[in-house]
1. Name the pairs: first residue in the stretch A:50-71 and among the hydroxyl-bearing types (Ser, Thr, Tyr) and part of a helix (DSSP H, G or I), second residue more than 8 Å from DNA strand D (Cβ to nearest atom) and open to solvent by less than 50 Å² (accessible area, probe 1.4 Å), Cβ to Cβ under 8 Å, at least 6 apart or on different chains?
2. List every residue pair whose Cβ atoms sit under 6 Å apart, with the two residues 6 or more apart in sequence or on different chains, where the first one lies in the stretch B:8-26 and is more than 7 Å from chain A (Cβ to nearest Cβ) and the second, anywhere, is assigned to a helix (DSSP H, G or I).
3. Looking at B:Ala79, B:Ala48, B:Ala67, which one is more than 26 Å from A:Gln137 (Cα to Cα) and facing another protein chain (nearest Cβ under 9 Å)?
4. Looking at the stretch A:107-138, which of its residues are open to solvent by 20 Å² or more (accessible area, probe 1.4 Å) and within 25 Å of A:Glu65 (Cβ to Cβ)?
5. Determine whether B:Val119 is touching a strand residue (DSSP E or B) at 6+ places or on another chain (Cβ under 7 Å), modelled with pLDDT of 95 or more and of a type in the set (Val, Ile, Thr).
6. If I filter the stretch B:141-156 for residues that are more than 11 Å from chain A (Cβ to nearest Cβ) and within 12 Å of DNA strand D (Cβ to nearest atom), do I get at least one hit?
7. Condition first: farther than 15 Å from B:His148 by Cβ and open to solvent by 50 Å² or more (accessible area, probe 1.4 Å). Now tell me which residues in the stretch A:1-29 satisfy that.
8. Mind checking which residues of the stretch B:81-106 are surrounded by 13 or more Cβ atoms within 10 Å (Cβ to Cβ) and among the hydrophobic types (A, V, I, L, M, F, W, C)?
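The values are calculated or read from the model by the stated rules, or taken from the named source; none is laboratory data. Owing to the predicted nature of the structure, the values given are computational and were not obtained by experimental measurement. Please note: Cβ atoms are built from the backbone with ideal geometry, for glycine as well, and neighbour counts cover all protein chains shown. Protein only, heavy atoms only, side chains kept; ligands, DNA and RNA dropped before computing areas. Shrake-Rupley method; radii C 1.70, N 1.55, O 1.52, S 1.80 Å.
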Number of protein chains: 2
Amino acid sequence: MTEPRWLNEEEQRTWRAFLWASQLLHDSLDRQLQRDAGIPHAYYVILAMLSEASDRSLTMSQVAEIARLSPSRLSHAAARLEDKGWVARRRNPEDGRQIIATLTDAGLAVVTGAAPGHVAQVRGALFDALTPDQIRQLGEIFGTLLEHLDPDGELTPEP
Amino acid sequence: MTEPRWLNEEEQRTWRAFLWASQLLHDSLDRQLQRDAGIPHAYYVILAMLSEASDRSLTMSQVAEIARLSPSRLSHAAARLEDKGWVARRRNPEDGRQIIATLTDAGLAVVTGAAPGHVAQVRGALFDALTPDQIRQLGEIFGTLLEHLDPDGELTPEP
DNA sequence: GATAGATCCTTGAACTTTCAACCTTCTTCG
DNA sequence: CGAAGAAGGTTGAAAGTTCAAGGATCTATC
């Protein structure tokens, strides 16, 4: 193997700032949701995606694709959320391989209850610290990255 | 509680792009390091931070602060890395409360061996997708965020 | 020079995530 | 039709993380 192109000092600084900041940001979301709703952020995302779907329902693979979760991870998470009575699963009559997950009323109540605190956390930890210009740049940069990292993935809401 | 300021459509898009992209990015690093070095990314960071320290040594709390890990998480991780013979821990003679972690020769070999692939992954997944302007913006944005989220933390290398 | 409190780190249990193996159902095609 | 393979999900075990509690050691203060 040939000598790789190491990161120069500025790249190094940028990379670490990104790493640490996104880690801190994610941890802060996790703590807020664990405190207010008793679930980790990834679980909240599952509930939120279901809450936006028509009939509050999606197949497991749709959830997995939209939320970028592995099938296994989603399966375990769904089992936990089902235990809590926040999600219901049933086989799809039109394709027996699929399982349709539905957000229950109780599940919707959890999302609705946790959403304000969650939004406040996202604002407080991210948007409030940046200028409007930076927010625009952030959107463009991560839009590009998302395309780059997951070219076939569902993009975030209508661009 | 008063009605929160919800995210508008553009903020929503930006937020999700950031969320998904950083998740994909982190997963790709994790997989690469798990494959090439048999450890998750967080463990690699511990080894990397030690490799840069003088005497390849730091106290546990220094590592925790630099790598932004909880004491508990670090403690468990260090135990695993010690099992592998990549890190050694001993009590600090000058302050009996502290534990000094040292990167062993074997540990250094692991970092050295994994580094090229890791850098290539970071370049491929992040820097290569962005313009020089965007890279500069990224650095500024996350530098700001890091200050915002962890005002007292060690900043990334000399600013 | 004691003792209260702070600092530093570890531990065990509960929970989450990953990985590989597996089961079903659907589709394709000879 | 019937077998082979693809698609959709699940499972159990191993590994990683969090949380609350606790054991040492040091510092400050009386």
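1. What qualifies is A:Ser51/A:Leu103; A:Ser51/A:Gly107; A:Ser51/A:Val111.
2. none
3. Details: B:Ala79 fails: facing another protein chain (nearest Cβ under 9 Å); B:Ala48 fails: facing another protein chain (nearest Cβ under 9 Å).
None of the others qualify; the one that does is B:Ala67.
4. A:Leu108, A:Val110, A:Thr112
5. Numbers: touching a strand residue (DSSP E or B) at 6+ places or on another chain (Cβ under 7 Å): no; modelled with pLDDT of 95 or more: yes; of a type in the set (Val, Ile, Thr): yes.
No; evaluated as a whole, the condition is false for this residue.
6. no
7. Narrowing the stretch A:1-29 to residues farther than 15 Å from B:His148 by Cβ: A:1-16, A:19.
Within the stretch A:1-29, A:Met1, A:Thr2, A:Glu3, A:Arg5, A:Trp6, A:Asn8, A:Glu9, A:Glu10, A:Gln12, A:Arg13 qualify.
8. Looking only at the stretch B:81-106, we keep the residues that are surrounded by 13 or more Cβ atoms within 10 Å (Cβ to Cβ), and these are B:81-82, B:84, B:86-89, B:92, B:98-104.
Those that are surrounded by 13 or more Cβ atoms within 10 Å (Cβ to Cβ) and among the hydrophobic types (A, V, I, L, M, F, W, C): B:Leu81, B:Trp86, B:Val87, B:Ala88, B:Ile99, B:Ile100, B:Ala101, B:Leu103.
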